[in-house]
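The values are calculated or read from the model by the stated rules, or taken from the named source; none is laboratory data. This is a predicted model, so every value here is computed, not measured. Please note: Cβ atoms are built from the backbone with ideal geometry, for glycine as well, and neighbour counts cover all protein chains shown.
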């Protein structure tokens, strides 16, 4: 996990995160991605990531800096991400991101090159009940994504909407178990990514994040309306759903400032500090 001096910029919580994974045609994906694909055994993947960001604040500046960012500190996201590499660094490429905050949509593209779009987003990720659902509607086109997911249905949880740390279940039933991805697993390959690449008007950039490994479990997903992804990437309509993972979230995720992805020698490991989480 690499960094450069002065790179850390923001801190935020990522709450109730559902990642839905598809295997896609590498050639079709590469035509829409301005970075080299990171393939696993020749296979290419795209993931939809639905979550809520909470309490984003500057790493420095205290309460005043937090107050200044309050209008964009908390809102929902839907990320559509591919898996890429550049130089010695692997990461994700944001193909599109829908946000429920109009102001954040205006600020993200010029600052980080992020492909933000405004969406109406409704998430009910009451994971301690084992039942999750969501709907994202692109305001510009009316196209939508609708899903429902379940966690360990054999445990028979009763639905509830409680804080993310809740593990309440019916008497005598085992709680849902969250744990890091197994070493070498496909889930770990997909989830444990710490560099994000963007491209806006041919200007390629990247930024890094730092957090402990995801605590997660597998999820079963049923997709309803998928016109949102088909409208922008028709080839995704032929993609194969391979699984999903859910995490109750991460606290105090560190996010770095953006750099040019075409500058050198940014990807030389010797030019970076190393960050480690205990």
message = Residues that are under 12 Å from the mean Cα position of the chain (by Cα) and free of Cβ contacts under 8 Å to residues at least 40 places away in the same chain: does segment 47-55 have at least one?
response = yes
key: Flag if residue 251 is surrounded by fewer than 19 Cβ atoms within 10 Å (Cβ to Cβ) and either under 13 Å from the mean Cα position of the chain (by Cα) or under 25 Å from residue 60 (Cα atoms) (or both)   = yes
remark   = When (1) farther than 18 Å from residue 105 by Cβ; (2) at pLDDT 95 or above; (3) surrounded by 17 or more Cβ atoms within 10 Å (Cβ to Cβ) are applied to residue 2, the one that fails is (2)
ask   = Which is at pLDDT 95 or above and within 17 Å of the chain's Cα centre (by Cα), of 184, 243?
value = 243
key: Residue in segment 71-94 that is more than 30 Å from residue 131 (Cβ to Cβ) and without any contact (Cβ under 8 Å) to a residue 40 or more places away in the chain present   = yes
query = Quick one: what pairs do we get from segment 16-28, first residue free of Cβ contacts under 8 Å to residues at least 24 places away in the same chain, second in a strand (DSSP E or B), C-beta under 9 Å, 6+ apart or different chains?
reply = 26/37; 26/43; 26/44; 27/44
request  = Could you tell me whether residue 84 is modelled with pLDDT of 95 or more, more than 19 Å from residue 17 (Cβ to Cβ) and buried (at least 18 other Cβ atoms within 10 Å of the Cβ)?
outcome  = yes
inquiry  = Just checking, does segment 4-15 include any residue being touching a helix residue (DSSP H, G or I) at 6+ places or on another chain (Cβ under 9 Å) and at negative phi?
reply    = yes
ask   = Mind checking whether some residue in segment 96-116 is on the phi > 0 side of the Ramachandran plot and without any contact (Cβ under 8 Å) to a residue 60 or more places away in the chain?
value = no
task = Out of 57, 16, 85, 81, report the one residue that is over 27 Å from residue 248 (Cα atoms) and assigned to a strand (DSSP E or B).
result = 85
task = Filter segment 223-255 for residues that are more than 16 Å from residue 127 (Cβ to Cβ) and in a strand (DSSP E or B) and give the result.
result = 223, 240, 241, 242, 243, 252, 253, 254, 255
ask   = If you scan segment 174-207, which residues turn out to be assigned to a strand (DSSP E or B), touching a strand residue (DSSP E or B) at 6+ places or on another chain (Cβ under 9 Å) and over 18 Å from residue 251 (Cβ atoms)?
value = 195, 196, 197, 198, 199, 203, 204, 205, 206, 207
key: Considering residues of segment 225-239 that are closer than 16 Å to residue 23 by Cβ and crowded, with 17+ Cβ neighbours inside 10 Å only, the residue nearest to the chain's Cα centre (by Cα)   = 229
query = Residues 104, 28, 44: which one is buried (at least 20 other Cβ atoms within 10 Å of the Cβ) and modelled with pLDDT of 95 or more?
reply = 44
request  = Would you mind telling me which numbered condition in (1) crowded, with 21+ Cβ neighbours inside 10 Å; (2) part of a strand (DSSP E or B) residue 90 fails?
outcome  = (1)
request  = Only one of these is under 16 Å from the mean Cα position of the chain (by Cα), modelled with pLDDT of 95 or more and under 17 Å from residue 258 (Cα atoms): 117, 193. Name it.
outcome  = 193
message = Condition first: under 14 Å from residue 108 (Cα atoms) and either in a strand (DSSP E or B) or modelled with pLDDT of 85 or more (or both). Now tell me which residues in segment 60-73 satisfy that.
response = 71, 72, 73
